[in-house]
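See structure below.
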Amino acid sequence: MGVALLGHARARLNDRRVSNGELRFLGERLTEALHDVLRIAESRGAEVPVAAEDRE
């Protein structure tokens, strides 16, 4: 999924006609994907810093 999402992100960011809604949706999907990557890294023993909003 990450490869497909990255390809989609590159295409959207190169398109000057992309809407704010599309960029917001893309940002949300990228944030979810990054969250998953960090969770997997942590489960494999990596020390991942906790974001301020996740500490509360």
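The values are calculated or read from the model by the stated rules, or taken from the named source; none is laboratory data. Just so it is clear, the model here is predicted, and its values are computed rather than measured. Cβ placement follows ideal geometry from the backbone for every residue including glycine, while neighbour counts extend to all protein chains displayed. Surface accessibility is based on the protein's heavy atoms, side chains included, excluding ligands, DNA and RNA. Shrake-Rupley method; radii C 1.70, N 1.55, O 1.52, S 1.80 Å.
Assorted remarks:
- Residues (part of a helix (DSSP H, G or I) and either in contact (Cβ under 8 Å) with a residue 24 or more places away in the chain or of a type in the set (Lys, Arg) (or both)) located in the range 29-44: 29, 30, 33, 37, 39
- Scanning the range 29-43 for residues that are under 11 Å from the mean Cα position of the chain (by Cα) and open to solvent by less than 50 Å² (accessible area, probe 1.4 Å) gives a single hit, 33.
- Residue count for the range 11-28, restricted to those that are open to solvent by 70 Å² or more (accessible area, probe 1.4 Å) and assigned to a loop (DSSP other than H, G, I, E, B): 2
- All positions within the range 30-49 that are farther than 21 Å from residue 6 by Cβ and of a type outside the set (D, E, K, R): 43, 45, 49
- Residues in the range 1-10 that are loosely packed, with under 11 Cβ neighbours inside 10 Å and either free of Cβ contacts under 8 Å to residues at least 24 places away in the same chain or assigned to a helix (DSSP H, G or I) (or both): 3, 4, 7, 10.
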